1. Step through the residues of the range 147-154 one at a time and calculate ³J(HN,Hα) from phi using the Karplus curve (6.51 cos²θ - 1.76 cosθ + 1.60, θ = phi - 60°), rounding each to whole Hz and writing x for Gly and Pro.
2. Evaluated at 37 °C with a viscosity of 0.692 mPa s, what Stokes-Einstein diffusion coefficient in µm²/s does the range 76-126 have when Rh comes from the Kirkwood expression over alpha-carbon pairs?
3. What are the radius of gyration and Dmax of the chain, computed over its Cα atoms and given in Å?
4. Please give the helix 39-61 orientation as an angle from the longest Cα principal axis of the chain, in degrees from 0 to 90, rounded to the nearest 10.
5. Over the chain, what is the relative contact order in whole percent, taking alpha-carbon pairs under 8 Å and six or more residues apart?
6. Once phi is turned into ³J(HN,Hα) by the Karplus curve 6.51 cos²θ - 1.76 cosθ + 1.60 with θ = phi - 60°, what whole-Hz value does each residue of the range 174-185 show in order, with x for glycine and proline?
7. Would you kindly compute the Cα radius of gyration of the range 68-153 and its largest Cα-Cα separation (Dmax), both in Å?
8. Report, in degrees rounded to the nearest 10, the 0 to 90 angle that the Cα long axis of helix 192-201 makes with the longest principal axis of the chain.
Amino acid sequence: MSIPARKKKLGNGTLLDAWKQLKAKNKALATPAYKPDITPFLAKYDQDLALFDKFQTHKDDMEPLGNDKQIEPLAKKIGGHYEELKKLASQWETHIKNTSSTASRDLEDVLTDQFEFTENEIQTRRALWQQIIGLEDQVLSLQRKDLERFKSQNKGVADGIRKLEDQCETLASQIHQVVGAYQKIAIKQNDDDTVDALRTFLDNI
């Protein structure tokens with residue numbers, strides 16, 4: 001049974017409090033006849049349920065973007081380079097259009113101008129792309145670290161919860177055994193009220 005399901009069955013309060021209330025209503029349970037002492041099992045059960053809440057709180061508080069302060073300025077630079085690429089494309093298109101429509105007696109001058117402008121544009125574009133790729137590689141590295149850290153933390157929480165569930169399963173079995181022993185004692189004493197009360201108590205587990 002999952003711990004959330006156990007907490008739902010128990011409702012508000014603790015299992016130890018429920019046991020104390022039961023003993024207050026059934027004085028026979030306070031006598032030396034009822035052994036072994038069940039309270040250590042109940043206290044540990046409650047402790048594990050409380051620890052589950054801490055795991056959940058830790059899980060909710062985990063921040064996957066631990067490097068966001070480093071990524072933000074890199075992203076801003078990348079965005080600026082993309083804007084420069086847009087400007088280059090617009091300038092190239094405008095230049096080619098303007099020079100093509102310019103009347104010139106020397107076609108070679110026009111073609112040479114277009115060639116040199118395009119060549120320069122390609123070099124500038126290539127340099128910008130190299131910068132973009134370099135910056136994006138840095139972002140990717142930071143994001144990889146964030147992902148690995150988050151997965152590691154998440155696995156730690158999941159492993160902790162799984163261990164708690166196993167412990168609660170073992171404790172629930174031990175509590176059932178002790179309560180079963182108590183019921184046998186109550187039956188021998190012809191104490192039907194205590195037998196029924198113990199059966200109802202087990203509904204909390």
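1. 5, 5, 5, 5, 5, 5, 5, 5
2. Numbers: Rh = 12.0 Å.
D, rounded to a whole number, is 274 µm²/s.
3. In order Rg, Dmax, the Cα atoms of the chain give 36.6, 123 Å.
4. Helix 39-61 sits at roughly 10 degrees to that axis.
5. Dividing the mean separation by the residue count of the chain yields 43 percent.
6. Per residue, the Karplus-derived 3J(HN,Hα) values read 5, 5, 4, 5, 5, 5, x, 5, 4, 5, 4, 5 Hz.
7. Here Rg and the maximum Cα pair distance are 20.0, 73 Å.
8. Taking Cα atoms only, the helix is inclined about 10 degrees.
Bear in mind that the values in this text are calculations on the coordinates, not laboratory data. Bear in mind that the values here come from a model prediction, so they are computed numbers and not experimental data.
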